[in-house]
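Just so it is clear, none of the values below were taken in a lab; they were calculated from the coordinates. Being a predicted model, the structure only gives us computed values, none of them experimental. Neighbour counts run over all protein chains shown; Cβ positions are idealised from the backbone, glycine included.
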Amino acid sequence: MVRKKMKLGFTENDAARRSAYIKRKKVLLKKVTKLSIVCGVDACAIINGCPYDHKPEVWPSPQMAKDVVTRFNNIPEIEKNNEMVDMHISYLEERVAELKKQVLKKEAQNRDLEITTLMFKALNTGGLEAVKPEGVNDLVRVIEKHGKDIKRQIKSLKRRAEIEVGEMVEDVVPRESLFMERLMNPPAGQQPPPLPPNGYYPGDGSVMLPVGGYNGFYGTPNGFHP
């Protein structure tokens, strides 16, 4: 189940705000504890100004938090600023590198679109006059790419057709088997009546076939057995 994204803002309801404070305070202190243990760094947390607590919440203890803050304040301002500047520069460098990748990707997409347009224009006009010599390699690359896409689509359509034909056959065969089974073994109450001794049902209009004798008959006047 996807967790619903919470809207960041002040909670007007007092009970809900108090509940959120208690829950999130525990989460914050737990994360600071993990950061200190896993990374082996000095860390502290001070929560103050909350109407639900009569005194500030300090982790891990007031004395240890005071020591951490004191050591931080004793760091020369130039080192603090250098650290902040280095972090800012590192962030900017990462951002610039990411933007350069996006620009190169867009340029490649625009180039492919331009070459594709020239390719279809050449197919319609039957000439490559609009293609510059330096663009021939790009044109070949785009043609090969479209050729691979067409082959892949043809292969996918063949595979889909084979699957559909197989499903049709699997659907028809059971029907034929069921029809033959019902024909050979009809349900109770649907069996045909037994044949009479002469092999014909009375009054069904059946005609008896002649049996060969002299002149092809057994001498009966009408050529048939009575």
Global form of region 14-74, assessed from the alpha-carbon gyration tensor, a/c cut-off 1.5: oblate
Collect residues whose amide H, placed 1.01 Å from N in the peptide plane, falls under 5 Å from the amide H of Ala43; neighbours closer than 5 in sequence don't count. none
Partner lysines whose C-alpha sits under 28 Å from that of Lys121, ignoring same-chain residues fewer than 8 away, are Lys105, Lys106, Lys132, Lys145, Lys148, Lys151, Lys155
Label point distance in nm, Asp86-Ser61, each placed 7 Å from Cα along Cα→Cβ: 3.2 nm
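For region 85-169, what does the alpha-carbon gyration tensor say about shape, rounded, prolate or oblate, given a ≥ b ≥ c as the root eigenvalues, a/c under 1.5 as rounded, and a/b over b/c as prolate?
Details: a/c = 5.03, a/b = 1.44, b/c = 3.50.
It is oblate, given that a/c is not under 1.5 and a/b is not larger than b/c.
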